[in-house]
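See structure below.
The values are calculated or read from the model by the stated rules, or taken from the named source; none is laboratory data. Since the model is a prediction, treat every value here as computed from it, not as a measurement. Quick reminder, even Gly has a Cβ in these numbers, built from the backbone with ideal geometry, and neighbours come from all protein chains shown.
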Amino acid sequence: MDNKDKYKNQFKAVIPGIEFSKLEEEITKYWKENKIFEKSIESRPENKKWTFLDGPPFVTGVPHYGSLLSSLPKDLFGRYFTMKGYRVRRVWGWDGHGLPIENKVENKLEIKRKRDIEEKIGIDKFITECKTYVEQVSAEWEWYIDKIGRWVDFKNAYKTWDISYMESVMWVFKQMYDKGYIYKGLRVSLFCPHCSTPISNFEVAMDSENYKDITEPANTYKYQLKNNKDTYLLAWSTTPWNKIATPALAVNPKLTYIKIKQNNEFYILAEQTQKILKSDPYEVIEKIKGSDLIGQEFIPHYKFYEIEKGKKAFIVVGADFVTADEGTGVVTLAAYGEEDLVAMKKENIQLVMHVDDEGMVKEGVGQFSGMYYLKTNKLVNEDLEKRNLMYKQEDHLHTIPNCWRCQTRLYYAPQNAWFVDIKNLKEKLIKTNEKINWYPKHFKYGRFLKNLENAPDWNISRSRYWGSPVPVWECTCGQRFVPGSIKELEEKSGQKVKDLHRPEIDKIKIKCDKCGKAANRVPEVLDSWIESGSASFAERHFPFEKNIKLEDFFPPDFIAEYTGQIRAWFYTLHVIGTALYGCPAFKNVLVEGVILGTDGRKMSKNYGNFPDSKKMLEKYGADALRLYLLGSPVMKGEDVLISEEQYRNQVKGTMLILWNTYNFFITYANIDKWNMGSQKVKVKSQNSLDRWILSKLNNLIIEVTKGLDKYDTVLPVTKIQKFIEDFSTWYIRRSRDRVGLSADNNEDKDNFYFTAHQVLLIISQLLAPIAPFISEEMYRNLTSEESVHLSNWPREDNQLIDKQLEQEMKDARKLVEVALSFRKQAEIKVRIPLKEMEYCGPSKLKEAVLKIVRDEINVHSLSFKKEEKEFLVKADTSDENKDLKMGEAREIIRKIQGERKNLKVKMDEKVNVILPDWPKDHEDFIKRKALIGKLEKGPLFKVLGNE
Ligand SMILES: [Zn+2]
Ligand SMILES: [Zn+2]
């Protein structure tokens, strides 16, 4: 046999001091060079799809633990379902429209006010800058995505600003419009005076840092009744700037009010709110039903506006939203409040909008004109105080929302805007949620349902520039044209449409069907959440691309993002899916928690409260990060603190333990020249250790599969980790004597190798979706196949599961624990065999298992005495009961093995040893175990390599 043949079936030797990060780099290179990712898709049948929709990250963002976290389950389940035989398309996407980009460009062009975009810069130049900006996508993303081992098609990423994507968004809008789910109307939304645009409440709600607690004066104002000089309604408010234009007061018709006399004036307020009154003595004059106050007129504090004909003003109206929980049970109404506006419209009250879209009080509002609205607060209060119209002022702590982009304080403002009619959709939204599989379950009827129940109509138009246009052409006569495709728009306008962005799209005019005049597009662009919510369709340019059927991708099987998306992306997808097709927009959703800084605050460079993710990845590698996070409660929607220690422990723990068992197997298999080819028939080992580990292994397959099928990653990771520990600390440990040149039972060797090979192979498959690198390395060496990720998910063999044996082994390990602690207490080293020991316990162990215990605790005879509840051992601790000669022999072997390591002698290489003395009865034993060629007497202990 020549050398070539001799090593033909040998395994590649394992590097013991492995650096996982380096290994991962090599594997990434291997995957790329051999197109393993592409093969993993193409090798699966086209008609068996598992679809996944990626929530596109924002182009402006830089990768952080949060974005990496989301990538992990996306990659895990993609790999898992591929191994289960599905074709899993995975294309990256970029979200690049909206305020974040506009803000960056504003900064670059030093734009301070929104109106400068039109007046100084020009929309054309502004949009060109936005386009340039989004095309310079940070190269850092690709590094991270590669590094964490995420398989995704980066090159063909879809972009929300591509014309094809935008056309699908246009189509989505049209579908919703035609179904009657979109309307234009005057409604109150959160509004940013810096960005001069309405903001979605969920954009603010996504990050708790957008809310600030502040203390401001709360005021109780006096409104004099028109027909009753000394009687005032007391109304409570925290927005003095709105007192400039308060055309009505509201009471709850169902509440009881009282009229009181205090310091010669009469006040009306809800009976339950007397605690707000000043401490001066007062008497209750009469009780009044809320409904009786309706229609009373009052004298306004300011009268800057003419009252339009047919409109009411300065009158008390009834409204159910008024409560006695806070304030006086009397509320000032202004157009700048959500419920206020609804009530005012209902009661036909004059609407007054006195603040412009940059937060400035408009012309014609007396001394307040031209002032920033917040600045008027103090002046209004001083003025009313002077005029004796202020009853009381006190400090009030409340939470205010801030712009998620520019951090400017937001206010509620009436907007003539485009809305999705959520109220009309609500029942369906709640119904379609029933069909979604949420993991963890509690979000389904918890946060998501609550959010659905409370959701207001969704303001989907933005008074901005960089986004998909609101695709509506509106004539002055009121006629509208809403195209659902570029072709339709081109036909109608007779113009070529090359770009759907402003200002190009604004140049497209159509002829009104009704009156023949030229109609313009409405000026707004769409909320970018409409775009990301349309991702299912738009990423495939549906329905324009030929050969794509809806059922092939919608609803997708799986999406995964963090809890913040419950009110955002999950919600917008759900609204659009339900509106278009009356079905859920996704079948399964995994909700991750948030990774917080080491101090429990949000991770922030300013706080320096998190370890640098790039450095960590370079140091410990991706598999460890994946094991750490995929096994953490963050995968069950819980928030966790980032911990370098826990990350590092994955390397020291699971990764190295597994690597060492793998190393042990490969090293000895090579020494014993065992390989899969030398295995003539599939052996059925009768060895208890083999049967035990195979039983555990098959249980593991069942548990991991069950977990992953439910989108639970924590249980599978935990179970695999526990298994690896059992495999190393019990199976491999107890099998050490079965292999190598010192072992002579060839049949048992085969049994061991076959079993351990099987175990390592299946572990690498079960681990493949979780830790794709280490599993790839092991699997390829164990099988000589191309990739673990091209292999099929293992199936359990129920015949190998032996619950009884597992219980016996559990008992055996308990007994070992007890016996070892007995030795420790008696200060007898494990190396010195005890001749006899007795044990008591719940059951008598079978001989096959008992033998393993004897070996482990180094006892020649271990006899069962009687039943007791727990395991106990008893033994004579005198020298009489110790096999000292054997102990000495083992001590010598230990020393020689240590020296072999120091001399770096291979494990299958014999050494010559010089010793002053040794127990002659055990000479053969020593020579065999320590692989000694010549054993000679000499004054000093010495190990010589065998030259
Ligand atoms: Zn803003
Ligand atoms: Zn018209």
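Points to keep in mind about this one:
- Checked against the criterion of being touching a helix residue (DSSP H, G or I) at 6+ places or on another chain (Cβ under 8 Å), more than 27 Å from Tyr30 (Cβ to Cβ) and hydroxyl-bearing (Ser, Thr, Tyr), segment 750-766 contains one or more residues that satisfy it.
- Residue that is surrounded by the most Cβ atoms within 10 Å (Cβ to Cβ), among those in segment 256-269 that are closer than 12 Å to Thr323 by Cα and out of contact with any Ser or Thr (no Cβ under 8 Å at 6 or more places or on another chain): Tyr257
- Wholly within segment 193-260, strands (runs of 3 or more DSSP E) carrying at least 1 residues that are away from ligand 2 (no atom under 16 Å from the Cβ), out of contact with any helix residue (DSSP H, G or I) (no Cβ under 9 Å at 6 or more places or on another chain) and over 10 Å from Thr332 (Cβ atoms): 197-199, 211-224, 231-237
- If you go through segment 519-531 and pick out every residue that is more than 9 Å from ligand 2 (Cβ to nearest atom) and not in a loop (DSSP other than H, G, I, E, B), you end up with 8.
Rundown of residues vs (1) at pLDDT below 90; (2) under 56 Å from the mean Cα position of the chain (by Cα), yes/no style:
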site: Glu867; (1), (2): yes, yes
site: Asp879; (1), (2): no, no
site: Lys895; (1), (2): no, yes
site: Val905; (1), (2): yes, yes
site: Lys910; (1), (2): yes, yes
site: Pro916; (1), (2): no, no
site: Glu923; (1), (2): no, no
site: Ile932; (1), (2): no, no
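- Condition check for Val472: of a type in the set (Val, Ile, Thr), in contact with an Asp or Glu (Cβ under 6 Å, 6 or more places away or on another chain), closer than 16 Å to Tyr177 by Cα and within 16 Å of ligand 2 (Cβ to nearest atom): no
- Checked against the criteria, Glu363 counts as farther than 22 Å from Lys392 by Cβ and either surrounded by fewer than 22 Cβ atoms within 10 Å (Cβ to Cβ) or out of contact with any Gly (no Cβ under 8 Å at 6 or more places or on another chain) (or both).
- Considering the conditions (1) over 28 Å from Leu715 (Cβ atoms); (2) away from ligand 1 (no atom under 16 Å from the Cβ); (3) out of contact with any Ser or Thr (no Cβ under 9 Å at 6 or more places or on another chain); (4) touching a residue at least 12 places away in the same chain (Cβ under 8 Å), Trp438 is excluded by exactly one of them, (1).
- Within segment 489-547, tally of residues that are under 23 Å from Thr476 (Cβ atoms) and touching a strand residue (DSSP E or B) at 6+ places or on another chain (Cβ under 6 Å): 12
- Of the helices (runs of 4 or more DSSP H) contained entirely in segment 770-866, those carrying at least 2 residues that are touching a Gly at 6+ places or on another chain (Cβ under 9 Å) and of a type in the set (D, E, K, R) fall at 803-826.
- Annotation: Arg150 fulfils all but one of (1) part of a strand (DSSP E or B); (2) modelled with pLDDT of 95 or more; (3) under 22 Å from the mean Cα position of the chain (by Cα); the unmet one is (1).
- Which numbered condition Tyr711 fails, given (1) among the aromatic types (Phe, Trp, Tyr); (2) within 26 Å of the chain's Cα centre (by Cα); (3) at pLDDT below 95: (3)
- Verdict on Thr572 being farther than 30 Å from Glu434 by Cα and of a type in the set (Val, Ile, Thr): no
- Between Tyr628, Tyr581, the distinction of being of a type in the set (Ser, Thr, Tyr), crowded, with 19+ Cβ neighbours inside 10 Å and touching a residue at least 12 places away in the same chain (Cβ under 8 Å) belongs to Tyr628 only.
- Annotation: of all residues in segment 417-466 being under 26 Å from Val522 (Cα atoms) and assigned to a helix (DSSP H, G or I), the one that is farthest from the chain's Cα centre (by Cα) is Asn424.
- Within the option set Cys583, Cys515, being in a loop (DSSP other than H, G, I, E, B) and closer than 23 Å to Asn424 by Cα holds for one residue only, Cys583.
- Qualifying position, being loosely packed, with under 14 Cβ neighbours inside 10 Å, part of a helix (DSSP H, G or I) and either in contact (Cβ under 8 Å) with a residue 24 or more places away in the chain or of a type in the set (Phe, Trp, Tyr) (or both), among Arg928, Arg894, Arg890: Arg894
- Residue count for segment 92-110, restricted to those that are without any contact (Cβ under 8 Å) to a residue 12 or more places away in the chain and surrounded by 14 or more Cβ atoms within 10 Å (Cβ to Cβ): 1
- Test: Glu847 is free of Cβ contacts under 8 Å to residues at least 12 places away in the same chain and on the phi > 0 side of the Ramachandran plot: no
- Within segment 38-58, the residues that satisfy the criterion of being in contact (Cβ under 8 Å) with a residue 60 or more places away in the chain and over 18 Å from the mean Cα position of the chain (by Cα) are Lys39, Ser40, Ser43, Lys49, Trp50, Thr51.
Residue-wise test of (1) modelled with pLDDT under 95; (2) polar (S, T, N, Q); (3) within 16 Å of ligand 2 (Cβ to nearest atom).
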{"site": "Lys441", "(1), (2), (3)": "no, no, no"}
{"site": "Tyr445", "(1), (2), (3)": "no, no, no"}
{"site": "Trp458", "(1), (2), (3)": "yes, no, no"}
{"site": "Phe481", "(1), (2), (3)": "no, no, yes"}
{"site": "Leu500", "(1), (2), (3)": "no, no, no"}
{"site": "Pro503", "(1), (2), (3)": "no, no, no"}
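- Answer residue from segment 24-37, given it is under 18 Å from Glu785 (Cβ atoms) and assigned to a helix (DSSP H, G or I) and is nearest to the chain's Cα centre (by Cα) among those: Phe37
- If only residues of segment 462-482 that are away from ligand 1 (no atom under 16 Å from the Cβ) and under 22 Å from Thr572 (Cβ atoms) are counted, the one that is surrounded by the most Cβ atoms within 10 Å (Cβ to Cβ) is Ser468.
- Selection from segment 153-167 of residues that are surrounded by 20 or more Cβ atoms within 10 Å (Cβ to Cβ) and assigned to a helix (DSSP H, G or I): Tyr165, Met166, Glu167
- Restricted to segment 190-223, and to residues there that are of a type in the set (Val, Ile, Thr) and away from ligand 1 (no atom under 15 Å from the Cβ), the residue that is surrounded by the most Cβ atoms within 10 Å (Cβ to Cβ) is Thr220.
- Of everything in segment 545-566 that is surrounded by fewer than 23 Cβ atoms within 10 Å (Cβ to Cβ) and under 29 Å from Ala417 (Cα atoms), the residue that is nearest to ligand 2 (Cβ to nearest atom) is Gln565.
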